[in-house]
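What follows draws every value from the coordinates through simple rules; no lab data is involved. Predicted, not measured: the structure shown is a model, and the values here were computed from it. Using ideal geometry, Cβ is built from the backbone for each residue, glycine included, and neighbour counts are taken over all protein chains shown.
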Amino acid sequence: MKQNYFAHETAIIDGDCSIGDGTKIWHFSHIMSHCVIGERCNIGQNVVISPEVVLGNNVKIQNNVSVYTGVTCDDDVFLGPSMVFTNVINPRSAVNRKNQYAKTHVGKGATIGANATVVCGHDIGEYAFIGAGAVVTKNIPPYALVVGNPSKQIGWMSEYGHRLYFDKNGMAVCPESGEKYQLFDNKVVKIDS
């Protein structure tokens with residue numbers, strides 16, 4: 001069967017994983033068994049994808065990221081350099097907790113910045129933007145902009161990655177795309193044109 005993805009010669013790809021067309025896997029990365037990687041993904045240098053991880057299409061993972069069992073990422077997710085996922089709330093070297101992995105879901109189009117940490121069991125909403133170095137300790141709503149340790153929401157982001165500024169009627173426009181958004185009851189929705 002023809003391989004329709006690129007893997008650098010130093011990458012290790014275990015059996016029983018699914019890798020979509022057009023995906024690129026770079027130097028010293030390890031793709032472990034039973035994971036699913038979508039089409040057109042870019043897996044940077046020194047990345048580990050653990051068993052049973054599911055990545056959608058066009059997911060970009062920068063260098064030095066480990067995506068542990070229990071994590072799923074929808075399409076178009078961006079994981080910045082050296083960001084961290086955890087998968088056990090109370091790890092101990094002498095206690096085996098492999099049956100206690102907590103799930104983390106990253107929604108479509110979300111960005112997690114460099115050196116950020118996502119504590120397991122918390123979901124990141126679609127198009128949310130986690131700033132560099134932030135530590136996520138709770139669920140993050142769609143379109144939210146969060147920074148700090150522990151992370152705190154400081155605003156809202158457009159699907160193009162621009163901060164949204166809402167008028168008195170709760171309306172905002174992305175400066176790049178021109179798309180319109182509405183803020184109501186502390187939730188943001190994109191308005192179809």
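Which percent, nearest 5, of DSSP beta bridges in the chain are antiparallel? Walk me through the intermediate numbers first.
On the way: 15 of 51 bridges.
So the antiparallel bridges amount to about 30 percent of the total.
Can you compute the equivalent ellipsoid semi-axes for the chain, i.e. the square root of 5 times each eigenvalue of the Cα gyration tensor, sorted largest first and rounded to whole Å?
Equivalent ellipsoid of the chain: 31, 21, 13 Å, largest first.
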Taking a point 7 angstrom from the Cα of SER18 along the C-beta vector, which residues in region 48-71 have backbone N less than 14 Å away? 52-57
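Mind checking region 88-185 for GluC sites (Glu not before Pro) that DSSP puts in a loop (not H, G, I, E or B) and that have at most 13 other Cβ atoms within 10 Å?
On the way: sites: GLU126, GLU159, GLU176, GLU179; in loops: GLU126, GLU159, GLU176, GLU179.
Filter output for region 88-185: GLU176.
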Residue by residue through region 50-56, which ³J(HN,Hα) values in whole Hz follow from phi under the Karplus form 6.51 cos²θ - 1.76 cosθ + 1.60 (θ = phi - 60°), with glycine and proline marked x? 7, x, 6, 5, 10, 10, x
Excluding residues fewer than 8 positions from LYS24 in its own chain, the lysines with Cα under 23 Å of it are LYS2, LYS60, LYS108
Explain nothing, just the number: dipole magnitude of the chain about its Cα centre with +1 on each Lys and Arg Cβ and -1 on each Asp and Glu Cβ, in debye rounded to the nearest 20. 600
Cα-based Rg/(2.2 N^0.38 Å) for region 49-89, rounded to two decimals, is 1.08
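Please arrange SER82, SER66 by counting, for each residue, the other beta carbons lying within 10 Å of its beta carbon, fewest first.
Ascending Cβ contact count within 10 Å gives the list SER82, SER66.
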Residue order, fewest to most beta carbons within 10 Å, for PHE184, PHE85: PHE184, PHE85
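How would MET32, MET157 line up from fewest to most surrounding beta-carbon atoms within 10 angstrom?
Values: MET32 20, MET157 23.
Final ranking by Cβ density, sparse to dense: MET32, MET157.
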Euclidean distance between Cα centres, region 120-193 to region 1-56, Å: 30
